1. State whether one or more residues within region 423-441 are within 14 Å of the ligand (Cβ to nearest atom), open to solvent by 20 Å² or more (accessible area, probe 1.4 Å) and either in a loop (DSSP other than H, G, I, E, B) or touching a residue at least 40 places away in the same chain (Cβ under 8 Å) (or both).
2. Filtering region 360-410 down to residues that are part of a helix (DSSP H, G or I), within 26 Å of residue 312 (Cα to Cα) and of a type in the set (Val, Ile, Thr), which residue is farthest from the ligand (Cβ to nearest atom)?
3. Does residue 378 count as polar (S, T, N, Q), in contact (Cβ under 8 Å) with a residue 24 or more places away in the chain and crowded, with 20+ Cβ neighbours inside 10 Å?
4. Only one residue in 462, 450 is at pLDDT 95 or above, on the phi < 0 side of the Ramachandran plot, part of a helix (DSSP H, G or I) and of a type in the set (Asp, Glu). Which one?
5. If the requirement is being closer than 23 Å to residue 202 by Cα, surrounded by fewer than 16 Cβ atoms within 10 Å (Cβ to Cβ) and either within 17 Å of the chain's Cα centre (by Cα) or among the aliphatic types (A, V, I, L, M) (or both), which of these qualifies: 451, 479, 444?
6. For region 282-300, give me the residue count where each residue is within 16 Å of the ligand (Cβ to nearest atom), farther than 17 Å from residue 368 by Cβ and either open to solvent by 30 Å² or more (accessible area, probe 1.4 Å) or outside any loop (DSSP other than H, G, I, E, B) (or both).
7. Which of the residues spanning region 345-359 are in a loop (DSSP other than H, G, I, E, B) and farther than 13 Å from residue 376 by Cα?
8. Does residue 475 satisfy being within 16 Å of the ligand (Cβ to nearest atom) and not basic (Lys, Arg)?
Amino acid sequence: MPKILRLSLLAILTISFNACTPSLPEIEKNLATERLLPLPVEVQIADGFAFPINANTPIYYSEEVVAPIAQKIAALIADLAGYDLTVAQGSMVPGAIFLNLDTLAAVDNDEAYQMKISQTNLQITAPQTVGLFYGMQTLQQLLPLEIKDQTAIDTLLAIGAGTITDYPRFAYRGSMLDVARHFFDVTTVKTYIDYLAMYKMNVLHLHLSDDQGWRIEIKSWPKLTEIGGQTQVGGGPGGFYTQADYQEIVKYAADRFITIVPEIDMPGHTNAALVAYPELNCDNKARELYTGTHVGFSTFCTDKEVVYQFVDDVMKELAAITPGPYLHIGGDESHVTAKPDYIKFISRVQKIVNQYDKQLVGWDEVVLGDLESNAIAQYWSSAKNANTAAEKNLKVIMSPAKYAYLDMKYDTTTKLGLNWAGVIEVDKGYQWDPAALEEQLNDANILGVEAPLWSETVTNLEEIEYLVFPRLPGYAEVAWTPQSKRNWTEYRVRLAKQQGLFDQLGINYYRSSKVPWED
Ligand code: TNX
């Protein structure tokens, strides 16, 4: 064969060989686990070159339902590197990021995912889309926050080889935002949702009514918001969500696999409603708007039929705009409701909630009522109520005030916050086991963990952030990571590594001296 022909044949062969098996760059890099939070169940670091991400890396997915997650990964890399990666339905060809739905051997958890990283592929597999979403969150934490040195971009974007197998300890991982004591607009709530999503939390409980304000439009009882929504603690203008606003919040949360749990607190904590509708009081006299911070002085008149008609209308409208399974009825601190009246009231409201195909959630006092077995008690302080819940076979959400209340001060010098349940430094907020607090509560009857932010002392996002960060990631990890894998000494280092993210997002966090911040 003439030399020239031989050469061109070789060229053709090389080109076609390259087209089906591109030679992938050989990048030496370990899996960068230092920012992973919550800590995954299992991380295995493997030998071999890292998975390279560059402008030619395609993102393929197995089926259309997964496309939004693939798009989110592409957006993430576009933000970081300016690459416009191909996103398409496809298979796991060499060089591709591949997302697929499949069962995971030996992991029986709806929210599980597994990420396998080698030089040839980065594959995320999960039984459900939500697991792929969590895999995407983990991938984000494996990538740098920004590319400072463009000449090192290939190494910076490479993902070290290994396998991450991950799933949550508890199904319910949430936070509560009290929008009644101070009202927060839709934008602020969306930002709060973003913060929950960053750490794989999946519930936002909205405390929508209290003595100081009624914050959700109820079309059949319009004065609730027209009158009852017009002020807040300290006398500011208050505010409320229209049903359309609320649905916008629900949708934004659902896009991030977060369930909204709406709370209408009753029969106590109802002054705002008692101002708007005098007939809900036993004496038929309208109460006055309240802008202070005392608790336990208001109650619906539990003997009146109109009260139950009211509750029915409210629950019906709320159920219609709430796709999640829960309606929270409060039930806490009803100090001026006689105990038999309280029991009668909760038992009737339970029936109303069930009538609208929802599960009742209430603060731990509700266990005194006659509850269905699907009702859920939210433990905040009473050991007695927690144990009653266990005896009644009810599931419990763990919000112990002395460990998990985001409105408690960090120490005695903290300006914002309260201290009735003590002060909660970042280590104290992390170092507790939900299953070790009360005798009869264990992993089987604990549904999950929720960190509530009551808003007597916080008036805007900046103040919210100060109490929430850096404690929130700790609650996310308490709820996600197996107890045996958690320890403060190791956690504090990973928490410190969140600083870059907090700074990038402009989060006003508390610089706890317990955390080894990097600057
Ligand atoms: C107690 S905890 C309350 C709230 C307050 C909070 C302040 C609970 C179920 N009720 O009404 O806002 O303390 O920390």
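1. Kept after step one, since they are within 14 Å of the ligand (Cβ to nearest atom), are these residues of region 423-441: 423-424.
Pick out the ones that are also open to solvent by 20 Å² or more (accessible area, probe 1.4 Å) and you get 423.
So of that shortlist, the ones also either in a loop (DSSP other than H, G, I, E, B) or touching a residue at least 40 places away in the same chain (Cβ under 8 Å) (or both) come out as 423.
Yes, because at least one residue in region 423-441 is within 14 Å of the ligand (Cβ to nearest atom), open to solvent by 20 Å² or more (accessible area, probe 1.4 Å) and either in a loop (DSSP other than H, G, I, E, B) or touching a residue at least 40 places away in the same chain (Cβ under 8 Å) (or both).
2. Checking each candidate, the answer is 367.
3. yes
4. Numbers: 450 fails: part of a helix (DSSP H, G or I).
That would be 462, the only listed residue that is at pLDDT 95 or above, on the phi < 0 side of the Ramachandran plot, part of a helix (DSSP H, G or I) and of a type in the set (Asp, Glu).
5. Values: 451 fails: surrounded by fewer than 16 Cβ atoms within 10 Å (Cβ to Cβ); 479 fails: surrounded by fewer than 16 Cβ atoms within 10 Å (Cβ to Cβ).
Going through 451, 479, 444 in turn, just one is closer than 23 Å to residue 202 by Cα, surrounded by fewer than 16 Cβ atoms within 10 Å (Cβ to Cβ) and either within 17 Å of the chain's Cα centre (by Cα) or among the aliphatic types (A, V, I, L, M) (or both): 444.
6. Here the count works out to 6.
7. Of region 345-359, the ones in a loop (DSSP other than H, G, I, E, B) are 356-358.
Within region 345-359, 356, 357 meet the criteria.
8. Details: within 16 Å of the ligand (Cβ to nearest atom): yes; not basic (Lys, Arg): yes.
So residue 475 fits the description; yes.
The values are calculated or read from the model by the stated rules, or taken from the named source; none is laboratory data. Not measured: the values here are computed from a predicted model. Please note: Cβ atoms are built from the backbone with ideal geometry, for glycine as well, and neighbour counts cover all protein chains shown. The accessibility values were calculated without ligands, DNA or RNA, using every heavy atom of the protein model including side chains. Shrake-Rupley method; radii C 1.70, N 1.55, O 1.52, S 1.80 Å.
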